[in-house]
Amino acid sequence: MRTLQLTLHEAIEITKALSNEHRMEILNQLTGGPKNVNDLSELLAIPFSTAAAHIKKLEETDLIKTEIVPGRGNQKVSSKRYDRIIIDLEEKEPIMEDEITFELNIGEYVHCQVEPTCGLLSEKGIIHILDDPRSFFEPERKNAQLIWFRSGHIEYHFPNRIPYGTEVEELSFSVELCSEAPYHNLDWPSDITCLINDHEIGDWTSPGDFGGERGFLTPSWWETHNTQYGLLKYWNINKEGSFIDGMKISSVTIDELQLQDHPYISLKLGIKKEANNLGGINIFGTKFGNYEQGLIMKVKYAHV
């Protein structure tokens with residue numbers, strides 16, 4: 001069960017969002033699974049514009065999340081983030097919390113070991129030669145906006161700026177990903193593995209390699225029969241375990257990562273040769289796909 005725990009001060013905006021019967025009913029409907037605005041408009045028998053406004057309010061308070069998924073055109077689909085909300089009515093002595101955010105371009109990796117099919121694209125063209133792992137070590141790789149490979153891994157090092165004498169509460173990161181098929185294939189599952197500081201925190205199975213219509217950011221020279229966009233995925237590691245999009249995927253906790261014992265934070269993304277679904281990986285940068293971001297990592301810590 002996904003729980004949101006709030007102080008009295010934090011609960012003010014949440015309770016405002018919940019003080020509407022339509023928004024409460026939207027959360028109830030999302031208990032059965034993700035739905036788009038049209039679905040919710042019909043289920044609640046309210047105009048599309050009204051449903052969209054209620055969804056926006058729930059998004060602003062992080063009660064739901066919305067992502068773009070393939071369908072008949074790109075659809076915005078909403079899902080519920082929490083099953084339970086707890087409000088602490090007793091004010092506790094505040095613990096100072098802080099957060100560090102880093103963003104790396106997808107070409108700023110420090111090591112890789114990849115096998116074809118593979119390649120890198122900048123915003124303007126192909127980097128070196130397609131299907132040649134040697135291209136991944138070209139100086140121009142730092143300009144990469146789309147990276148793909150069939151198996152292997154790619155490793156990024158984020159700077160470690162966690163202050164001494166603090167306790168790390170949570171680490172999260174997000175990136176746009178999908179499978180890697182010849183050209184594209186909407187039904188092409190792939191088990192994508194994530195490791196933090198060499199601790200395997202779990203797999204995400206991408207449903208396919210998305211193409212056929214242009215990604216919002218994808219340059220016009222990259223033809224639509226090729227990979228065009230992915231899904232924006234969120235990993236989260238805290239004291240309860242490891243999660244992806246709010247769903248628990250492993251029991252690896254933030255303490256096991258020993259973040260403060262290393263001069264950097266290592267993130268590896270890859271495809272294991274023994275994966276059940278050996279479907280490759282595409283990684284999207286700020287100039288390709290549907291989301292204008294690279295790899296974003298956040299570290300929350302408390303002053304103890």
Cα shape, segment 235-276, gyration tensor, a/c 1.5 rule = oblate
task = Pick out, from Ile244, Leu40, Ile100, the residue whose Cα sits farthest towards the positive end of the charge dipole of the chain, with +1 on the Cβ of Lys and Arg and -1 on the Cβ of Asp and Glu.
result = Leu40
inquiry  = If I histogram all Cα-Cα distances within the chain using bins 10 Å wide from 0, what percent of pairs lands in each bin?
reply    = 6, 25, 31, 25, 12, 2, 0
ask   = What nm distance separates the two modelled labels at His157 and Asp88, each placed 7 Å from Cα along Cα→Cβ?
value = 3.8
inquiry  = More than 19 angstrom separation, counting every C-alpha pair in segment 184-272; what % is that?
reply    = 51
note = Taking a straight Cα-to-Cα line shorter than 17 Å from Lys272, and setting aside same-chain aspartates and glutamates fewer than 8 residues away, one finds Glu115, Glu155, Glu180, Asp191, Asp198, Glu200, Asp203
message = Just to confirm the filter: which trypsin sites (Lys or Arg not before Pro) across segment 225-304 are DSSP coil and have at most 13 other Cβ within 10 angstrom of their Cβ?
response = Lys239, Lys273
request  = Take the Cβ-Cβ distance between His22 and Ile129 as r, set R0 to 51 Å, and report the resulting FRET efficiency rounded to the nearest 0.05.
outcome  = 0.40
remark   = Taking a crude spin-label model, label points 7 Å out from Cα along the C-beta direction, the Asp198 to Ser79 distance in nm is 3.2
note = Of Pro47, Pro116, Pro70, the most mobile residue in a GNM of the chain (C-alpha springs, cutoff 10 Å) is Pro47
request  = Please give the calculated 222 nm ellipticity per residue for the chain, where each DSSP H segment of at least 4 residues contributes -39500 (n - 2.57) and the sum is spread over every residue; nearest 500 deg cm²/dmol?
outcome  = -3500 deg cm²/dmol
ask   = Quick one: what do you get for segment 227-304 if you divide its Cα Rg by 2.2 N^0.38 Å?
value = 1.31
ask   = For segment 160-206, what's the relative contact order in percent, using C-alpha pairs closer than 8 Å and at least 6 residues apart?
value = 26
ask   = Within the set Lys35/Lys239; Lys80/Lys233; Lys233/Lys268; Lys76/Lys273, which residue pairs have Cα atoms separated by over 25 Å?
value = Lys35/Lys239; Lys76/Lys273
key: segment 14-93: radius of gyration and largest Cα-Cα distance (Dmax), Å   = 13.8, 51
Candidates Gln293, Gln113, Gln228, ranked by Gaussian network fluctuation over the chain, Cα under 10 Å, top entry = Gln113
query = If contacts are Cα pairs under 8 angstrom and at least 6 residues apart, what is the relative contact order of the chain in percent?
reply = 22
note = For segment 209-304 the mean separation of alpha carbon contacts under 8 Å (6+ apart) over residue count, i.e. relative contact order in percent, is 28
remark   = With the 1.4 Å probe rolled over protein heavy atoms, the chain has an accessible area per residue in Å² of 51
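The values are calculated or read from the model by the stated rules, or taken from the named source; none is laboratory data. Quick caveat, the model's predicted, so the values are computed rather than measured. Because the Cβ atoms are built from the backbone with ideal geometry, glycine has one as well, and the counts that use them run over all protein chains shown. Ligands, DNA and RNA are stripped out before the accessible areas are found, and what is left, the full protein with its side chains, is counted by its heavy atoms. Shrake-Rupley method; radii C 1.70, N 1.55, O 1.52, S 1.80 Å.
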